[in-house]
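What follows is a single structure, written as C-alpha cells, with notes after it.
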Amino acid sequence: MDNREIKENSVWQPLGDAITDLDRRELCSLVVALCCQIQDEVGTGAFRGGVYPDNVSRDDNGSWRLGPAAAEGEWEGQEREFLAPELFWNGEKGPSADVYSLGMLLYYAVNCARMPFYKSGEDGARQRRMNGEAIKAPKAAGRRLSEIIEKALAFQIGERYQSVEELKAALLSCVDNIYLSGPVSAEQLYNKSEDDLSHVEKMMLDILRKEEDAQMDAADSGEEEEAPTEPVVGPLMQQPEPESEPPSEPEPESEPEQKPIVILTEEKNPELEPVVIGRPAPVQYQNSTERERSIAKKIRRRRRRPFIMILLAVAILLSAAALYDYIQARRPDEPVPPPTETTAPNEVLAPAETPTPSEAPVEATPEPTEEPAPKESTYQVIVGDVSWITARDSSIYAGGHLVVINDEEEFRRVIAAVEEFNVSYVWIGCRRVDGAMTWVKDAEIDFWPWASGEPSIVDGYVPEDYLMLSYSDGRWGYNDNRNDPAGDYPAFYSGRIAYVIEFEPEA
C-alpha cells in the first residue's frame, strides 16, 4: 500500500512516543513515507516543516501522514525542539531543514524518546545542538542507520542530504539491504531503468556503486578489516576471506579448519532488528561549568603571552635608556677648571701660612614639589559592525581591553568620547556569566545605568548576554544584547555599532 494515500474513512491515531515501539525497518519505512508526502506537497527543493513525533499519525490500514506545520515564529513545544539550527536562529528555510527534522525523528525513535545531550537538561541540550556540537547517533541505531542519522543531523547545511529525495534513497538502501543482493542496479533500487532516473537518483546510484567497488578492491587486496563490535549492514558484513600467506617453514600439521563466512540474506538483516527500549543510552558529556571556565582561562593566558612579551621588551628598553642617562649625568662633557685665587692690590699672602678651615657648608633644603596628578585611562573608539567577542579580542590585540565603566564620572567620559561619532550602539567590556553581569577586568561596580525596559535577558529564544551602550529617547544607557546583532539584523544595526578600547595608565 502506498503510504501517501490518505483514506477518507480511515481513523488516524497520533504516533507520539509510540515511535520507539517500531523496529528499524518499520522506522525507515515511516520516514520514507514522510519524505514522499513532503515531496508531493512542496516538491524536492522547498521547505515543508511540521516534522515531530506528535504530528505524525497512522491509520488502521498502516498508512502514515504528517499534520500541518505551525506558522513561522509560532513554533513551540516539541516542534521547536525538532527545528534545524539555521531555522531556529535565522528563520532560514530550505529542503535541508526538513532533512534535519527527519534525522532528529530517527534519533528520537532509536534513543528511547530522548533528544541528543538530554543529560544537560532541556535548555543545555538545545544550546549545545544549536551552537554546532556534533551529534553522534545512538549505538542502538546500528552502523548503517547511524551513518544516515549523523549525516542528516550535520550542523552545516552543505554536509547534510540536500533534499528529502536523497534521504529517502539512503533509507531505501538500508530497508532493502541492497548491498547483500549482488551488484547495485537501477531496477533493484528504483524499480526503473537507468535512463529514466532523475539527476539525484543517478547520483545516489553512483555513490552506492563506488562503495561496492571500494569493498571489492579491499577484498582483492587481501587486507583484513577490523571486526565490528556490532552487526553491520551491507558489504561490511561480507568480510573478504584473507589470502593465506606462505609459511616461512613447512608445517607438518594440517591447516587449521576455517569457519565458513556467514553471508546474510535480505530476509534477516541485523541492522533492522527491533530496537530494545531498555537499551542503555550512549554516554553524553555533562555540561561542566568548571571545565568551561578552565578552558577560558587557558585561552586568556595564551592571548596574554604576546602582550606580556611586548611589555617585557619595552621595560628592558626603558631601563637601558634610564641607565644611559644616569651615566651621562655622572660624567660631564666638559672638564671643570681648577679654582683660582684672587688677591687684593698690595696684599701678600704668607707662603707658609696654613689656611684656616672654613665652616661646613650648609646643605640647601630642596623646595617641596607638588605630587603629580594621577593618570587617567585613555580611550579609543572603533566604528565597525562587529560582534562583542570580536570587539573584545581586537581590544586585547591592540594592547588594551574593552572599556570597564567604574562610576558615573567614567560613564560621562566614555559618552563624551563616543558622541564624536555617528553611532547608536557601543560595545563595552561586560557580559553575563552564569547569570551574573561580569566585567572583563575584576571590579566591584554598583553603577548600572540601564536604559528603559532593560535588561531584557532574552530576545525570543536567543539569550542576550553581552552589554552595550545604546542611545534612545535622547539619552545613553545600558542594553544587554545578543553577540552579533549586526550579523542577524544588518538592515537595522549596520553602520551604527562601535566599541571602546581602554588603555590603562602605566604604573
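The values are calculated or read from the model by the stated rules, or taken from the named source; none is laboratory data. Model, not experiment: these values are computed from the prediction. Virtual Cβ from ideal backbone geometry, glycine too; neighbours counted across all protein chains shown.
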Please work out which residue is farthest from the chain's Cα centre (by Cα), limiting yourself to the stretch 143-157 and to residues that are surrounded by fewer than 24 Cβ atoms within 10 Å (Cβ to Cβ) and not in a helix (DSSP H, G or I). Ala154
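Condition check ((1) crowded, with 19+ Cβ neighbours inside 10 Å; (2) over 18 Å from Ala152 (Cβ atoms); (3) among the hydroxyl-bearing types (Ser, Thr, Tyr)) across all residues:
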position	(1), (2), (3)
Asp59	no, yes, no
Gly73	no, yes, no
Gly77	no, yes, no
Arg80	no, yes, no
Asn90	no, yes, no
Pro95	yes, no, no
Val99	yes, no, no
Tyr108	yes, no, yes
Take the stretch 456-485 and flag every residue that is surrounded by fewer than 18 Cβ atoms within 10 Å (Cβ to Cβ), touching a residue at least 12 places away in the same chain (Cβ under 8 Å) and either aliphatic (A, V, I, L, M) or not assigned by TED's automatic domain parsing to the domain that holds Val433 (or both). Ile457, Val462
In this structure, does Gly132 turn out to be touching a residue at least 24 places away in the same chain (Cβ under 8 Å) and either closer than 26 Å to Gly43 by Cα or outside any loop (DSSP other than H, G, I, E, B) (or both)? no
Could you pull out every one of the strands (runs of 3 or more DSSP E) wholly within the stretch 454-504 that has 1 or more residues that are among the charged types (D, E, K, R)? 475-481, 497-503
Of the residues that sit in the stretch 2-23 and are charged (D, E, K, R) and modelled with pLDDT of 85 or more, which one is nearest to Pro53 (Cα to Cα)? Asp17
Considering each of Ile148, Ile157, Ile135 in turn, give the residue that is at pLDDT 90 or above, touching a Cys at 6+ places or on another chain (Cβ under 8 Å) and among the β-branched types (Val, Ile, Thr). Ile148
Out of (1) of a type in the set (Val, Ile, Thr); (2) under 21 Å from Lys136 (Cα atoms); (3) free of Cβ contacts under 8 Å to residues at least 24 places away in the same chain, the odd one out for Thr20 is which? (3)
